[in-house]
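**Student:** Could you have a look at this structure, given as structure tokens, before my questions?
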Amino acid sequence: MAETTPLLPRPNRPPHEHSIFQRVCHSPWYHLDQRGLFFTRGFLALYLTTTLVFGIIRESRSENRVIARLLPFDASLISFVIQTIYYWITAIWAFEHLTGPHHRLPPHEQAKGRVLANIQNAFSIPKNTDVNSKRRLAFSLFYTAAIIFPLVTTTVYWLFLFPLDFQPDPLSWPRFLQYFKIANFTIINSVVALLEVMVISSVQKQKPLGFQLKGITAICMAYVLWVVLCRYITGQWIYGYFDSTQDWRTILQTYTYISSLTVNVFMTQRALHALRERMARKAQCDHRGR
């Protein structure tokens, strides 16, 4: 709601019609203005990119060649890539929103600067506010994926993979750098996701609920198929609990658990959205002295 987004412009239409494209460019809190939001998104985009490149280089140069071959199928890496792309997109939009339309070429000069105009349009915030538009639904699902899948991979890692998965390689990188990589891919990624929900953006609970559930379930099942493809390409399973040589009941339980965990994290995300809106509404009332 616009009530919980003090910096969001209020055109002559109902508050709930502000698009998700606008809401990722506005914080619900007074202390994080447009300039601060842009620098926050820019910093996170650069930090995530640096960490991602570091992690890929480290794993690809590992003495254990199996790790290098399985790298494209690593769930934490894939979710980190999604999160990094999301922050670059929103950082560009935040910059475009900060500079405003007065920096664009006027209509009578766009013919002379057609290339620049096309580049500018490509990086501009979408203007379509139709809640049922394909672009809005696609970005809404992308936003949801960038939030929940880092949380899912963090949960799976610390509950099931650690410490079996963490075997420091003393021949390649110093141990503290290996700890740095693990911390970023399994802790910092979730911290950033929670900050996105509670502090950085004013995105509401995404609708329609059915579309969101079907979308995240489809992404989850697509990753399962990707894991199966990993077995055929590399001859190995990236995670032991996907091993098809196990009893079929165990495999079914694994698939069911992954789907249910994803849905539960998604519902938790929606609860956090509701909590943030209530907190922001109260903060606005306190700010206005009500």
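The values are calculated or read from the model by the stated rules, or taken from the named source; none is laboratory data. Bear in mind the structure is a predicted one, so any value in this text is a computation, not a measurement. Cβ coordinates were reconstructed from backbone atoms using ideal geometry, including for glycine residues, and neighbour counts include every protein chain displayed.
**Student:** Are there any pairs, at least 6 apart or on different chains, whose C-beta atoms fall under 6 Å, with the first in the stretch 226-241 and free of Cβ contacts under 8 Å to residues at least 40 places away in the same chain and the second in a helix (DSSP H, G or I) and surrounded by 14 or more Cβ atoms within 10 Å (Cβ to Cβ), and if so, which?
**Tutor:** Close Cβ pairs satisfying both conditions: W237/R231.
**Student:** Within the stretch 267-286, is even one residue in contact with a Leu (Cβ under 8 Å, 6 or more places away or on another chain), at pLDDT below 90 and not hydroxyl-bearing (S, T, Y)?
**Tutor:** no
**Student:** Considering only helices (runs of 4 or more DSSP H) fully contained in the stretch 175-243, which possess at least 1 residues that are within 29 Å of A280 (Cα to Cα) and of a type in the set (V, I, T)?
**Tutor:** Here the list reads 189-195, 209-234.
Listed here are the residues, each with its yes/no results for (1) closer than 30 Å to R231 by Cβ; (2) at pLDDT 80 or above; (3) in a helix (DSSP H, G or I).
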site: I56; (1), (2), (3): yes, yes, yes
site: E59; (1), (2), (3): yes, no, yes
site: L77; (1), (2), (3): yes, yes, yes
site: A94; (1), (2), (3): no, yes, yes
site: L98; (1), (2), (3): no, yes, yes
